[in-house]
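Below is one structure; the comments refer to it alone.
The values are calculated or read from the model by the stated rules, or taken from the named source; none is laboratory data. In this text the structure is predicted, and so the values were computed from the model without any measurement. Every residue, glycine as well, gets a Cβ built from its backbone with ideal geometry; the counts of neighbours run over all protein chains shown. Accessible surface is based on the protein model in full, side chains and every heavy atom, while ligands, DNA and RNA are left aside. Shrake-Rupley method; radii C 1.70, N 1.55, O 1.52, S 1.80 Å.
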Amino acid sequence: RDTDSGDGDLATFVDRLFAGHLDRVAESLRARHALGRSLIWGNVAAACASAASSVRAASGAAWPDRLRTFLAAAPHDLAALGRWAFPAGADPASRRTTCCLWWKTSAAAGALCADCSLARSPIETSPT
């Protein structure tokens, strides 16, 4: 499928990803557990940052613009749930603005996640 054919493909992707999948997962989780919206959508924003890093090489030089376009089109204000940096020729950098609470798990043993909002050194950011 041609991914450069315009906003129609992005709108379809966003609709399938969110309305067709993630919104329903989030609703189901919130119906069964005491989870905040920021926790859920902050985790989604972090997953998007990770996915962007994975596809950067395949996207070529246009990847920062594609990520910005996706973030602008994504619901739940995903762009505001992370601090995004777009260094030339490198993977996107993102730091959460919401806590994932991983540090509270027994597996973490008090350690912070790699993009922790509680870390003291913020990343340099550029506007989305």
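Once the piece of chain linking His21 and His33 is laid out straight, how much longer is it, given 0.36 nm per residue of separation minus the C-alpha distance between them?
Contour length minus Cα-Cα distance gives 2.5 nm.
Out of Trp41, Val25, Gly60, whose Cα points farthest toward the positive end of the dipole of the stretch 16-78 (charges: +1 Lys, Arg; -1 Asp, Glu; placed on Cβ)?
It is Val25, whose Cα lies furthest towards the positive end.
Of all accessible surface on the stretch 15-57 at a 1.4 Å probe, what whole percent is carbon and sulfur?
Ligands and nucleic acids excluded, carbon and sulfur reach 53 percent.
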